[in-house]
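Structure, as C-alpha cells:
The values are calculated or read from the model by the stated rules, or taken from the named source; none is laboratory data. Note that this is a predicted model, so its numbers are computed, not measured. Backbone-built Cβ (ideal geometry, glycine too); neighbour counts: all protein chains shown.
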Amino acid sequence: MDTKKFKIGWIGLGKMGVPMAKQVLKAGYPVRVYNRSSEKNKKLETEGATSAESIKELVDETEVIFIMVSDNDAVKDVFNQADGILSSEIANKIFINASTIAPEVSVEISKQIEVKGGFYLDAPVSGSVKQAEEMTLVSIVGGSKEIFEKTASLLKSYSKKAIYVGENGVGNSAKLAVNTYLGIVTQGLAEIIQFSKTKNVETADLMDIINNSALGSTFGKMKGESAMKENFEAAFTLAHLTKDLRLAQQSGFNKPLGNAAYKTFSDAEAELGEEDVIAIIKKL
Ligand code: NAP
C-alpha cells in the first residue's frame, strides 16, 4: 500500500507533538489534529493541518492516529473518555503512541484496541524538541512487526531511525531504560559543573574539555550550554524526566545510580518540575 495515502490524525500538541506533527505534514501526509486545549491547534493549522473538535471526530476521519501526550493518565483519558478513541469504530485503524508511558499501560491498551480490530504500536522517541525539529529523533517501537513495517516510512518523517524492539510494551521498557540513563547523565553533569566551580574551573573550559574528549555528546553540549547561560527554559521538563524515572522504578528498576537519580529528581520535582532537566543543578 502507498503509505502516503494514509490519512493521519495527531492527538497532543505539546512541546514535542507540535514539531513532530509538522514533520509528518512536511512529508506530504494530510494531517488532522486534536489538542485538549484547542488554541494550540492553530500552530498546525497555519502549516496546512485541519482540526477536529473531538477525539472521536478525529479518529472517525483518519486511518493512522498518533498520540503524543504527557503520561499514563493522559493516555488513558485519550483512549477511554466518553468521546475518546475507544468510542469510535476502529477496525483496521493504526494507533501509534509516541508518549513515554508504562509498558503495562501499553499492553493493556493494545489488547483493548486488538479486540475492536485495530492495531497499536508503542513508539516512544529518544531526543527532544531540537531533534524533532531536525528530524533526528529515534523511534523505539513495540508491537506487530508487520504494522511496524507498514508504518516505518511514516515514523521516519520525524525520526532518523525507527528501531523495532519487540512486542507491545517492549518499546516503552527500552525508552524507560534510556531515560534512566539520561537522568544519571544529567545529574552527573550537574554535579561535576558544581564541583569544578568550587575549584575555580570555568564551566566553559570544563565543557570545552568534555566536548573534545571521548565523553563529548550532543546532550552534554546542549545541557552544558544551558547551565552556562543559566537558561532553564524547558525543552524536556524535569517533571517528565522524574515521571520516567518513577515508571522505571515501578517497572522493577533497582540499581544504585538510577535509584539515586530518581531520589534527586523527585526531591526537586515540586520546586523545579516545569523547568528543564538541567535545572537540577540548582538543587545540588
Ligand atoms: P507537554 O509539552 O507537557 O505536552 C503534553 C501534551 O499532553 C499536551 O498536548 C497536553 O494537552 C496533553 N495532555 C495532557 N493531559 C491530557 C489529558 N488528560 N487528555 C488529553 N491531552 C492531555 O509534553 P511534551 O514535552 O510534548 O511530552 C509529551 C510526551 O513525550 C511525554 O510522555 C514526554 O515524557 C515525552 N517526551 C518528551 C520529550 C521532550 O524533550 N519534551 C522528549 C521525548 C519524549 P494541553 O495542551 O491541553 O495541556
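Values for this structure:
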item	result
Filter pass, G188 being away from the ligand (no atom under 12 Å from the Cβ) and not assigned by TED's automatic domain parsing to the domain that holds S99	yes
Residues (surrounded by fewer than 24 Cβ atoms within 10 Å (Cβ to Cβ) and either of a type outside the set (V, I, T) or in a loop (DSSP other than H, G, I, E, B) (or both)) located in the range 134-151	E134, M135, T136, S144, K145, E146, F148, E149, K150
Which listed residue, of N168, N172, N179, is polar (S, T, N, Q) and assigned to a loop (DSSP other than H, G, I, E, B)	N168
Odd one out for Q131 among (1) near the ligand (Cβ under 10 Å from one of its atoms); (2) in contact with a strand residue (DSSP E or B) (Cβ under 6 Å, 6 or more places away or on another chain); (3) not in a helix (DSSP H, G or I)	(3)
Where A177 falls short, out of the listed (1) within 24 Å of F6 (Cβ to Cβ); (2) among the hydrophobic types (A, V, I, L, M, F, W, C); (3) in contact (Cβ under 8 Å) with a residue 60 or more places away in the chain	(1)
Flag if A162 is modelled with pLDDT of 95 or more, in a strand (DSSP E or B) and within 16 Å of the ligand (Cβ to nearest atom)	yes
Test: residue in the range 149-156 that is out of contact with any Cys (no Cβ under 6 Å at 6 or more places or on another chain) and within 12 Å of the ligand (Cβ to nearest atom)	no
Selection from the range 26-66 of residues that are in contact with a Ser or Thr (Cβ under 6 Å, 6 or more places away or on another chain) and closer than 22 Å to K93 by Cα	A27, R32, V33, K56, V59, D60
Number of positions in the range 26-72 that are of a type in the set (S, T, Y), in contact (Cβ under 8 Å) with a residue 40 or more places away in the chain and touching a Leu at 6+ places or on another chain (Cβ under 9 Å)	1
